[in-house]
Amino acid sequence: MKKIARRSVEHWTNSDVFLSDIDFLVIGGGLVGAASAWHLASAGTKVWLCEQASPGHGASGQNAGSLHFQIERRFLEREDGVGREGEQTAQLSRLAVQDWRDLERQIGRNLGVHMEGGLMVAHSAQEVRLLETKAAREQAMGLAVETIDRAQVQALAPYLSPDILAANFMADEGHADARIIAPAFADAAQSAGARLLDATRVASLQKRGALFEARLEKGEEIQTVTAAKVLICAGIWSPQIAAMAGLHLPLFPAPLTMNATARTAAFLPYLIQHVGRRLSIKQTAAGNLLIGGGWPSRLHRTGSGFDFSRAPALVPQSLTGNLQTAVETMPVIGEHELLRSWTGITAVTQDQLPVAGEFPSLPGLFCAAGGSAFTLGPTFARLVADQMLERRRDEADALLSVASPARFESLNGFMGR
Amino acid sequence: MTDNAETSYDVLIVGGGPAGQAAALELAAVGARCAVIDEQARPGGQILRQPPVSFAAQNWVDENSYRPLRQQLRVFENQAAIAWLGRRSVIGLQPGPQGHSLTTSGADGLQELSAAHVLIAAGCYDMPYPAPGWTLPGAMGAGAMQTLLKAQGIVTGEPIVFAGTHPLMLLIAAQISRAGGKVAEVAFDRSLATIGKSMIRHCATALRNGSLLGEAGKAMMDLRRAGVPVRFGRPLQEITGADRVTGAVFGEADHPETTPCGSIGLCYGFLPQSDLPRQAGLSVRWSSPSGGWATCHDQWMQSSVEGVWVAGETTGVAGAPIARDEGRIAGLGIAAALGLITNRDATRRAAPFRQSRKAAMRFAAMLDDIAAPKQALDRVAASNTTICRCEKVSASAVRETLGSTTDVNAVKRITRCGMGLCQGRNCEHMLIRMSAAAEGRGLETMKGFTGRFPARPVSIADLLEKPLP
């Protein structure tokens, strides 16, 4: 293997590493993978981005593209309420706001970013109290969220139901175009020198000495590559990849439902969410209304488990439940035509917190997956890339501590390699 | 047939054309409770599209070749045991181990139906041919023109030009001419010599099907007699007009010849209706050479999903006689699956239909060969024409994206090609052909768009008024 001269990476490399074919192997061409590859390649390192289909094929291209920075409904549902994790996530959200504001300029590509504000609405007095508590916590954490009353809601968004009693407004919220974001980052990564291997699967991944060796398959073509460090950001496929390296990465599939209406004239600049119900509504630049919010679909099953290769089946109750909630929040939705309902699989952890960072039991192996990876994706990509490059490492470690895979050490301690 | 308000049947048949009728008749004869659902008010399918009952239609599809189909239609309409559910679109099919559920959408909103067996006999549609100018009012599928004539007695803007590769346009042009419409020209894309070569390749079949070919020959004679030029080797370059069609430009780029016209019927072949089979997860295959997705089936016309059956053009566009045979075979297969007849009986009774289907398949293969649209499609694939009319995506935008990925679903996400109101019914076939060519792959290895609910756009208020079960 030939020795490759590098510019900016001396401070993390060691003599063994110089024997690797490439510096970094990024597994998974979604938003996080493509953006990480862009950061890593921009630092002058040799990066391969391996994607089993095409960039954005998985959850990054299937989700509804919300940029939501208020504390999520699913965290409010937890018995212990918004805990320390919530505050740390809020800190990441603050960074994410800055990241999204500057992304299009940084990569020089249109990502359909619209940050014109988000409203999280309430229908009942109890929900209003929840909004107020939440806003107080968010303000304390440095998120600019304010509770507005029915009249203010109507003034801001007259198309919302008069039954909405209040809303939490955050000016930074909005949406980006999930269709194009991963391909745009993959394109930027390639311009920065990364190599994209599409339609390529990882057949094996193991650590040999100080290096990682991966076998990559594209149809009949098979190649083996060694890398100094590896990032697993393959969404719901991440646990399978981690298992190749002999590690537990306990992520669970969450098969969800999204809906799109036919195009209509622009009227909705905001992201609409509900504090007590599963709902997100936004209008794309093309004019379609996207309606989602975490309604379940049904995974297909194989003899031994779930089948991630097939789109989950639509659950009729989710479809009508989602649309009913949308109409109760924004009655005008009823006048529109449903164009398409689709399903996709995101990955969540048991504690609902994302995973991003290095595995303590297998140094050099990093992961970034598990929930909120659209809104927080660019930030995870930036911080994990910093960790991999040993660039402002302490700062990145501190910011990602809430998401560190160190919390799986109790499981990985049992794993011999 | 009778109007009916039941919601549960032994068999639900989607499509009241020759295949659906034939299956329903076989099933009704052995006592199965079946209903036929159709988007049209009256049965007949596209080939026997009926005018409204209040119309006094004279000489309605009175050509000889329609006779057996008209006879079947009459029997079907008089069979009281068959429930007729007209003017409804099937927007969803959820197969299940305990039976299948079907969602229909009509003027009264949504309806939920269930049955142990579902037969999809949804027919085909004109292949959208995106010649520059194809989105102008007055440019349409030749089949659509024929439908306007059959169902409404309407002749589109005159004079009319027909352009394409498929010989069916001769028959349509002759029908329109006979009905008093002025036809300016029938222009075959391919040369007579190329077409002749196809016929020679299939000469045994050509001889055996003399009467059908004779009909095309007669149509040509009728047209000539009416002074309508039928020309060969006339590739369509462009449809011109400012806000509606005013002309068709033929020939090579350096010798363009314009035929002035008020409307143009494009006839480059037909694509199987595949929204419902794909949404329900049935296995499909690329239907060469005309394209589109044909649903796979076994020898009894059962699809890859148990209890879901297919017949007619849904399985590949091959014409009404084959559709009828397939409908009969499917009907007998379903009757046997329901235990209403023995397998042996089904086998015995299906034998003659298999025989005639096999013979007709050879003729269909010859027609496919004659009508092969590849050259004509390659021409538009290399142009800057709009291929996705809903989202206004050009062939050049697609070509540019194909440089970075040839995954059709990725190209769709990046360009929006296929994301509009028609959900790819117009453009998917072009995108797949362009992607296969860019990658140097065979079309049979390509994957298409992911089929999703609803098969047709549906009002959200309707959906909520009558929620799915």
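Nothing in this text is a laboratory measurement; each read-out follows from the coordinates by a stated rule. Everything numeric in this text was worked out from a predicted model, so none of it was measured. In this analysis, Cβ positions are derived from the backbone assuming ideal geometry, glycine residues included, and neighbour counts consider all displayed protein chains.
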Pull the list of chain B cysteines that no other Cys approaches to under 4.7 Å, Cβ to Cβ. B:34, B:124, B:203, B:261, B:267, B:296, B:390, B:422
Cα long-axis angle, helix B:320-337 against chain B (0 to 90 degrees, to the nearest 10): 20 degrees
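For chain A, what does the relative contact order come out to in percent, with C-alpha contacts under 8 Å and a separation of six or more? If you can, show how the numbers build up before the last one.
Numbers: 926 pairs, mean separation 87.7, N = 417.
Relative contact order comes out at 21 percent.
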Report the equivalent ellipsoid semi-axes for region B:243-393 in whole Å, largest first, defined as the square roots of five times the eigenvalues of the gyration tensor built from alpha carbon atoms. 40, 18, 12
Quick one: Karplus J couplings for region B:360-365, per residue in order, coefficients 6.51, -1.76, 1.60, θ = phi - 60°, nearest Hz, x for Gly and Pro? 5, 4, 5, 5, 4, 5
Global geometry of region B:128-268, whether rounded, prolate or oblate, following the gyration tensor of its Cα atoms and the 1.5 cut on a/c: oblate
Between residue A:113 and residues 5 or more places away or on another chain, which pairs have amide H atoms under 5 Å apart, with H built 1.01 Å from N, and which residues are they? A:177
Amide hydrogen neighbours beyond the local backbone of residue B:263, cut-off 5 Å, H modeled: B:161
Given backbone amide H placed at 1.01 Å from N, residues whose amide H is under 5 Å from that of residue A:231, ignoring those fewer than 5 places away on the same chain, are A:25, A:26, A:27, A:366
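How about region A:165-258: which GluC sites (Glu not before Pro) there are in a DSSP loop, with at most 14 other Cβ atoms within 10 Å of their Cβ? Each step should come with its number before you reach the end.
Numbers: sites: A:173, A:213, A:217, A:220, A:221; in loops: A:173, A:220.
Of the GluC sites (Glu not before Pro), the ones in loops of region A:165-258 whose Cβ has at most 14 other Cβ atoms within 10 Å are A:220.
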Which whole-number percentage describes the relative contact order of chain B, with Cα contacts under 8 Å and a sequence gap of 6 or more? 18 percent
As a quick test, which of the pairs A:218/B:447; B:182/B:374; B:412/B:447; A:46/A:229; B:197/B:374; A:218/B:374 have an alpha carbon distance above 21 angstrom in this structure? B:182/B:374; A:218/B:374
Once you sort the root eigenvalues of the Cα gyration tensor of chain B as a ≥ b ≥ c, which label holds: rounded (a/c under 1.5), prolate (a/b larger than b/c) or oblate (the other case)? prolate
Chymotrypsin sites (Phe, Trp or Tyr not before Pro), loop per DSSP, at most 12 other Cβ atoms within 10 Å - longest free stretch of chain A: A:1-266
Please list, in order along region A:303-319, the HN-Hα scalar couplings obtained from phi with the Karplus expression 6.51 cos²θ - 1.76 cosθ + 1.60 (θ = phi - 60°), rounded to whole Hz, x for Gly and Pro. x, 10, x, 8, 9, 7, 7, 10, 4, x, 7, 5, 9, x, 5, 5, 4
Using 5 Å bins from zero, what percent of all Cα-Cα pairs in region B:180-333 falls into each bin? 2, 8, 12, 14, 15, 14, 13, 11, 8, 4, 1, 0
Using a 10 Å cut-off around each Cβ of peptide B:410-418, what is the average number of partner chain Cβ atoms that fall inside? 5
Let me spell out the model: positive unit charges on the Cβ of Lys and Arg, negative unit charges on the Cβ of Asp and Glu, origin at the Cα centre of the protein assembly as shown. What dipole size does that give, in debye rounded to 20? 2320 debye
Using the alpha-carbon centroid of each, what span in Å lies between region B:252-269 and region B:122-187? 12 Å
Would you work out if the protein assembly as shown is rounded, prolate or oblate? Take a ≥ b ≥ c from the square roots of the eigenvalues of the alpha-carbon gyration tensor; rounded if a/c is under 1.5, else prolate when a/b is larger than b/c, oblate otherwise. prolate
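In peptide A:39-52, what is the residue-averaged number of other protein chain Cβ atoms found within 10 Å of each Cβ? List each step's numbers first, then the result.
Values: counts 0, 0, 0, 0, 0, 0, 0, 0, 0, 0, 0, 0, 1, 0.
If you average over the peptide's residues, the count of other-chain Cβ atoms is 0.
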Running a GNM on chain A with Cα contacts under 10 Å, which residue among A:387, A:240, A:223 ends up with the highest mean-square fluctuation? A:223
Tell me, what HN-Hα J-couplings in whole Hz come from the Karplus equation 6.51 cos²θ - 1.76 cosθ + 1.60 at θ = phi - 60° for each residue of region A:31-47, using x for Gly and Pro? 4, 5, x, 5, 5, 4, 4, 5, 4, 5, 5, 5, 7, x, 9, 9, 10
Among DSSP beta bridges lying fully in the protein assembly as shown, give the percent that are antiparallel, nearest 5. 60 percent
